[in-house]
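Enquirer: I have a structure here, written as structure tokens, and I will follow up with some questions on it.
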There are 2 protein chains.
Amino acid sequence: MYPETLKIGGKQVPYFRNDEFSNIILSINKGLKKLLFNKNGEIILLTSSGTGAMEATIMNCFTKEDNLIIINGGSFGHRFTQICDVHGIPYESVNIIFGETLTREMIEDKLNNGKFTGLLVNLDETSNGQLYDIKMLSDVCKKNNLVFVVDAISAFLADEVNMDKYSIDAVILSSQKALSLAPGLSIVALSEKMLKRVEVIDSESIYFDFKDYLKNAERGQTPFTPAVRVIIELEDMIKRLEKKGIYNIIKHTNDIASYFRKRVNEIGLEYPSYPLSNAVTPIIFPKNNADLVYKRLIEDYGFVVNPSGGNFAKSMFRVSHVGNQSIEDCEELILAISEIIKKL
Amino acid sequence: MYPETLKIGGKQVPYFRNDEFSNIILSINKGLKKLLFNKNGEIILLTSSGTGAMEATIMNCFTKEDNLIIINGGSFGHRFTQICDVHGIPYESVNIIFGETLTREMIEDKLNNGKFTGLLVNLDETSNGQLYDIKMLSDVCKKNNLVFVVDAISAFLADEVNMDKYSIDAVILSSQKALSLAPGLSIVALSEKMLKRVEVIDSESIYFDFKDYLKNAERGQTPFTPAVRVIIELEDMIKRLEKKGIYNIIKHTNDIASYFRKRVNEIGLEYPSYPLSNAVTPIIFPKNNADLVYKRLIEDYGFVVNPSGGNFAKSMFRVSHVGNQSIEDCEELILAISEIIKKL
């Protein structure tokens, strides 16, 4: 987290049902529309984790009459299928085995065998770092008239998420990834086309009723007590992002990721061969000792990386490249990993 | 907010999928069970506002086979009815007109005309400060075998919320009221009896699936990224509350509320005659200028009180007595109000 954010975190949380706070939300919505290239759409701020926003988006944008394609290449793709299961929304899952790259043919196989109305993707599948081809996905959606939903929780600020250019209808974000704020706030950006869809769908929830959020957002408010402090941090962050320019930020993340990957190879380790998001590099440990390296990194060097779950706990961990970091930070981490693997 | 809390707010948010953070959650759950007298029950920490927790509780504890009594004496009672409407859960609403006091007879009128399984109440109806008679409600629930759900979002730490003594099956809390933390975290405490109910009800949500939270809570985790920073603040707050003792805290709030109400009368104003929570005093302005006094308080004195909505915007505002405040703070506010009304 950045010092500017921590400074806000240490201040009294103000009362929020007034013009001062409304102006903060209005300024955030304007800023996010710019950063996401969502000129004619709207922004919804939810007090929830990213999964809450994923579920809310599905509940408010689709019904049992829909039929969705879900790109399912890891835990977060799987989560989309679980949400559709619970809400009885029909879907076909395009399953990608670890190591495999998503292709257009895999999606067209499904499209040829049914009538579909939408496509859901975690642009960067956080659990293994695969970055799906947004240009291809966008083209598939356009050609097949599919509503296009992008979970960009990991991809935002690391990879290109341009709603206008790629005709994206909903983008899901959360506060704790590249935005580097405290967790607890998630964001859904809806396109003009999606707003029309939301308008005619009856909400199955009071807490996650997008129509209520959209109505309140007009005057810069939320229907229920929001995560006020994170929202104030978000306003500050957006101002700083706008100053830097979104494509400069993505380039910075790409520079760090590229440098890091080159160095991973130089110290004798590997990363997956499928296309990777700039947000994260999964490092593969051929000796199946990722868990031991992870532990040494914390205990001997104070570095916390992201352990992989389940079957990958010993073979891989992930290193994030987003937030407040530099090439120098990267190099320190690489040297630490290099020292540890020599000793193990 | 207390200086101890703000100090935590200004620190880096740590990684949370590790033992250190699990121990924080385990310590919170233990502490909350003590403070709520919920020895054999469990605690659920949700990343949501209080309304999210109200909806989650109804979704996980009741089904279309239930029939509920809802005490509806203001905006928050009304919210319970809206949630039941959306989820198709049958209920009868005991409507209390502003100024009226809830009586046992009003509830028994409904009970005599149907078969009921549960009762929902906002113990302190936040929108107008009425404190319902928990002893009477508890007795009604016991005699009629009703599951007893208490939204104590406003009442906690101000009025007695003893799950064991009053056989309460679910208590709903949120971080930003008397706990004086940043908003964004809500808490549901479930009794042993309610846990058995939750076990056999199929969740209609992924994000609000209590069974998933209960399973994760065993090892001190949550199914999805939690509001980490607020949780760390909560651990600190609970330790301090345990040191003070829950009944001492309630007495302190009662002392402040009693002093404040005496002074309200002394400066020639009134408050409602129905039983009031210690958490809040609604002040009635006979000249219908509550909105003007509210504005002067902010602009000339820097005091922010809680404006009333809708029909009550001009006749009333509410003064909170919870959180970091003393008799001296109260007196300053009274003197300010007194000066303002003399001039208006």
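The values are calculated or read from the model by the stated rules, or taken from the named source; none is laboratory data. Given the structure is predicted, the values throughout are model-derived calculations rather than measurements. All Cβ positions, even for glycine, are placed from backbone atoms using ideal geometry, and neighbour counts span all protein chains on display.
Enquirer: I'm checking my understanding of the structure. Among residues of the range B:159-180 that are away from every other protein chain (no Cβ under 14 Å) and in contact with a Ser or Thr (Cβ under 7 Å, 6 or more places away or on another chain), which one is surrounded by the most Cβ atoms within 10 Å (Cβ to Cβ)?
Expert: Looking at residues that are away from every other protein chain (no Cβ under 14 Å) and in contact with a Ser or Thr (Cβ under 7 Å, 6 or more places away or on another chain), I get B:ALA170.
Enquirer: Can you find even one residue in the range B:267-274 that is on the phi > 0 side of the Ramachandran plot and at pLDDT below 95?
Expert: No, the range B:267-274 contains no residue that is on the phi > 0 side of the Ramachandran plot and at pLDDT below 95.
Enquirer: Would you confirm whether or not the range B:60-74 contains a residue that is under 11 Å from B:VAL188 (Cβ atoms) and either over 15 Å from the mean Cα position of the chain (by Cα) or within 12 Å of another protein chain (Cβ to nearest Cβ) (or both)?
Expert: There is at least one residue in the range B:60-74 that is under 11 Å from B:VAL188 (Cβ atoms) and either over 15 Å from the mean Cα position of the chain (by Cα) or within 12 Å of another protein chain (Cβ to nearest Cβ) (or both).
Enquirer: OK, next. Looking at the range B:183-204, which of its residues are in contact with an Asp or Glu (Cβ under 7 Å, 6 or more places away or on another chain) and buried (at least 23 other Cβ atoms within 10 Å of the Cβ)?
Expert: Within the range B:183-204, B:LEU190, B:SER191, B:MET194 qualify.
Enquirer: Can you tell me which residue among A:GLY41, A:GLY31, A:GLY9, A:GLY50 is closer than 27 Å to B:GLN12 by Cα, in contact (Cβ under 8 Å) with a residue 60 or more places away in the chain and more than 14 Å from chain B (Cβ to nearest Cβ)?
Expert: Answer to the check: A:GLY31.
Enquirer: Considering only residues that are in contact with a Cys (Cβ under 9 Å, 6 or more places away or on another chain) and within 27 Å of A:THR253 (Cβ to Cβ), look in the range A:123-153 and name the one that is surrounded by the fewest Cβ atoms within 10 Å (Cβ to Cβ).
Expert: Step by step, filter the range A:123-153, then rank; the result is A:PHE148.
Enquirer: Follow-up. Give B:GLY41, B:GLY88 a once-over and let me know the one that is at positive phi and not assigned by TED's automatic domain parsing to the domain that holds B:SER277.
Expert: Result: B:GLY88 is the single residue among B:GLY41, B:GLY88 that is at positive phi and not assigned by TED's automatic domain parsing to the domain that holds B:SER277.
Enquirer: If we scan the range A:299-316, do we find a residue that is charged (D, E, K, R), in a loop (DSSP other than H, G, I, E, B) and out of contact with any strand residue (DSSP E or B) (no Cβ under 8 Å at 6 or more places or on another chain)?
Expert: Yes: the range A:299-316 contains one or more residues that are charged (D, E, K, R), in a loop (DSSP other than H, G, I, E, B) and out of contact with any strand residue (DSSP E or B) (no Cβ under 8 Å at 6 or more places or on another chain).
Enquirer: Are any of the residues in the range B:107-122 closer than 25 Å to B:ILE283 by Cβ and surrounded by 14 or more Cβ atoms within 10 Å (Cβ to Cβ)?
Expert: yes
Enquirer: Right, something else. Give the range A:275-313 a look and list any residue that's over 16 Å from B:ARG17 (Cα atoms), buried (at least 19 other Cβ atoms within 10 Å of the Cβ) and among the hydroxyl-bearing types (Ser, Thr, Tyr), or say none.
Expert: Within the range A:275-313, A:SER277, A:THR281 qualify.
Enquirer: Anything in the range A:203-212 that is under 20 Å from A:GLY184 (Cα atoms) and within 12 Å of another protein chain (Cβ to nearest Cβ)? List them, or say none.
Expert: Result: A:SER205, A:ILE206, A:TYR207, A:PHE208, A:ASP209, A:ASP212.
Enquirer: Among B:PRO223, B:PRO307, B:PRO272, B:PRO282, which is within 26 Å of B:GLY73 (Cβ to Cβ) and within 14 Å of chain A (Cβ to nearest Cβ)?
Expert: After applying the criteria, what remains is B:PRO307.
Enquirer: Report whether or not B:SER186 is in contact with a strand residue (DSSP E or B) (Cβ under 8 Å, 6 or more places away or on another chain), in contact (Cβ under 8 Å) with a residue 60 or more places away in the chain, within 14 Å of chain A (Cβ to nearest Cβ) and among the hydroxyl-bearing types (Ser, Thr, Tyr).
Expert: yes
Enquirer: Looking at the structure I just gave you, is B:ASN67 in contact with a Gly (Cβ under 8 Å, 6 or more places away or on another chain), over 30 Å from A:GLY9 (Cα atoms) and surrounded by fewer than 24 Cβ atoms within 10 Å (Cβ to Cβ)?
Expert: yes
Enquirer: Keeping to the range B:271-284, report how many residues are over 16 Å from B:VAL305 (Cα atoms) and in a strand (DSSP E or B).
Expert: Of the residues in that region, 1 qualify.
Enquirer: Is it the case that some residue within the range A:226-244 is assigned to a loop (DSSP other than H, G, I, E, B), crowded, with 22+ Cβ neighbours inside 10 Å and at pLDDT 95 or above?
Expert: Yes, some residue in the range A:226-244 is assigned to a loop (DSSP other than H, G, I, E, B), crowded, with 22+ Cβ neighbours inside 10 Å and at pLDDT 95 or above.
Enquirer: In addition: Take the range B:77-103 and flag every residue that is surrounded by 14 or more Cβ atoms within 10 Å (Cβ to Cβ) and within 15 Å of B:THR51 (Cα to Cα).
Expert: Selection gives B:GLY77, B:HIS78, B:ARG79, B:PHE80, B:THR81, B:GLN82, B:ILE83, B:CYS84, B:VAL86, B:HIS87.
A quick yes/no check of all residues on (1) part of a strand (DSSP E or B); (2) free of Cβ contacts under 8 Å to residues at least 40 places away in the same chain; (3) over 27 Å from B:SER203 (Cα atoms):
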| residue | (1), (2), (3) |
| --- | --- |
| A:ILE97 | no, yes, yes |
| A:GLU105 | no, yes, yes |
| A:SER127 | no, no, no |
| A:PHE148 | yes, yes, yes |
| A:SER154 | no, no, yes |
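Enquirer: State yes or no: is B:PHE21 assigned to a helix (DSSP H, G or I), more than 20 Å from B:VAL147 (Cβ to Cβ) and touching a Pro at 6+ places or on another chain (Cβ under 9 Å)?
Expert: Answer is yes for this residue.
Enquirer: Among B:GLU20, B:GLU55, which is crowded, with 18+ Cβ neighbours inside 10 Å, within 11 Å of chain A (Cβ to nearest Cβ) and charged (D, E, K, R)?
Expert: B:GLU55
Enquirer: Of everything in the range A:172-195, what is in contact with a Phe, Trp or Tyr (Cβ under 8 Å, 6 or more places away or on another chain) and more than 16 Å from A:VAL322 (Cβ to Cβ)? Give them in sequence order.
Expert: Scanning the range A:172-195 gives A:VAL188, A:LEU190.
Enquirer: Give the residues of the range A:181-228 that are of a type in the set (Val, Ile, Thr), in contact with a Ser or Thr (Cβ under 6 Å, 6 or more places away or on another chain) and under 13 Å from A:ASN29 (Cβ atoms), sorted by residue number.
Expert: Within the range A:181-228, A:VAL188 is the sole residue that qualifies.
Enquirer: Still on this structure: Looking at (1) buried (at least 21 other Cβ atoms within 10 Å of the Cβ); (2) assigned to a helix (DSSP H, G or I); (3) over 17 Å from the mean Cα position of the chain (by Cα), which is the one condition that is false for B:THR222?
Expert: B:THR222 satisfies every listed condition except (2).
Enquirer: Are any residues in the range B:145-166 in contact with a strand residue (DSSP E or B) (Cβ under 8 Å, 6 or more places away or on another chain) and of a type outside the set (A, V, I, L, M, F, W, C), and if so, which ones?
Expert: If the condition is that a residue be in contact with a strand residue (DSSP E or B) (Cβ under 8 Å, 6 or more places away or on another chain) and of a type outside the set (A, V, I, L, M, F, W, C), then B:ASP151, B:SER154, B:ASP159, B:TYR166 are the ones that fit.
Enquirer: Still on this structure, please answer the following. Of all residues in the range B:259-274, how many are loosely packed, with under 15 Cβ neighbours inside 10 Å and out of contact with any strand residue (DSSP E or B) (no Cβ under 8 Å at 6 or more places or on another chain)?
Expert: Total meeting the criteria: 6.
Enquirer: Yes or no: the range A:156-166 includes at least one residue that is part of a loop (DSSP other than H, G, I, E, B), free of Cβ contacts under 8 Å to residues at least 24 places away in the same chain and among the aliphatic types (A, V, I, L, M).
Expert: For the range A:156-166, residues part of a loop (DSSP other than H, G, I, E, B), free of Cβ contacts under 8 Å to residues at least 24 places away in the same chain and among the aliphatic types (A, V, I, L, M): absent.
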